[in-house]
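Novice: Quick one: structure below, then a few questions.
The values are calculated or read from the model by the stated rules, or taken from the named source; none is laboratory data. Predicted model only: the values in this text are computed from it and were never measured. Virtual Cβ from ideal backbone geometry, glycine too; neighbours counted across all protein chains shown. The protein model used for the area step is the full one, side chains on, heavy atoms only, and it has no ligands, DNA or RNA in it. Shrake-Rupley method; radii C 1.70, N 1.55, O 1.52, S 1.80 Å.
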Amino acid sequence: MIFSPGDRIRYECTGDDGLPLVRYGFIGALSASGGPVVVMLDGELAGDVVNLSQVQPVTITTVELCLHGTDLVDEPELRRGLVSLWHAEADTAGLDIDSLHAVGDGECDAPGGWCLAWLSAGGETYVLRAVQLPHEPEMVRIRAEVSRQAEA
């Protein structure tokens, strides 16, 4: 991915407490050699120099939550709450969601996978899914994916 100054980014790092942390901001400056970039993080006045490999563009499909606990998908009440949690993260990232329609308690559409909601953004249709990670089954990832129904 080639970035330009002003591009909205998602920055994955480790917080002071040693836990994974996701921050949002903008590209402030680039190095000529593809090396570190200056990132202007939301809520901070100074820029941080970070490795290019730690930043992603903010898009509907890159904003995700990774949460610990299979009860989040096993319990219908908790599955319903995942939609609001993801929507709050999308707001923090600065995404404009045109519409979001929850699928009740969610629909199991694959082993360890749940369809939680349908959403539209930028004229495209997406499905919000919760998936237990195969390599880390106690972890649940919630993110939007391009809707296969919209492709058909």
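Novice: Let me confirm something: among Thr92, Thr70, which residue is polar (S, T, N, Q), in contact (Cβ under 8 Å) with a residue 60 or more places away in the chain and under 19 Å from Arg10 (Cβ atoms)?
Specialist: Being polar (S, T, N, Q), in contact (Cβ under 8 Å) with a residue 60 or more places away in the chain and under 19 Å from Arg10 (Cβ atoms) holds for just one of Thr92, Thr70, which is Thr92.
Novice: For the condition surrounded by fewer than 12 Cβ atoms within 10 Å (Cβ to Cβ), under 15 Å from the mean Cα position of the chain (by Cα), at pLDDT 90 or above and among the charged types (D, E, K, R), what is the one hit in Asp91, Asp96?
Specialist: So the residue among Asp91, Asp96 that is surrounded by fewer than 12 Cβ atoms within 10 Å (Cβ to Cβ), under 15 Å from the mean Cα position of the chain (by Cα), at pLDDT 90 or above and among the charged types (D, E, K, R) is Asp96.
Novice: Scan the stretch 3-34 residue by residue and report those that are assigned to a strand (DSSP E or B), farther than 20 Å from Ala90 by Cβ, open to solvent by 50 Å² or more (accessible area, probe 1.4 Å) and hydrophobic (A, V, I, L, M, F, W, C).
Specialist: Leu30
Novice: What about Ser84, is it among the small types (Gly, Ala, Ser), without any contact (Cβ under 8 Å) to a residue 24 or more places away in the chain and outside any strand (DSSP E or B)?
Specialist: yes
Novice: Check whether at least one residue in the stretch 16-26 is under 30 Å from Asp109 (Cβ atoms), in contact with a Leu (Cβ under 9 Å, 6 or more places away or on another chain) and at pLDDT 90 or above, and report yes or no.
Specialist: yes
Novice: Moving on. Taking interchain pairs and intrachain pairs at least six residues apart, which have beta carbon atoms under 7 angstrom, with the first residue in the stretch 4-15 and touching a residue at least 40 places away in the same chain (Cβ under 8 Å) and the second small (Gly, Ala, Ser) and exposed (fewer than 15 other Cβ atoms within 10 Å of the Cβ)?
Specialist: Going by the 7 Å Cβ cut-off, the qualifying pairs are Arg8/Gly94.
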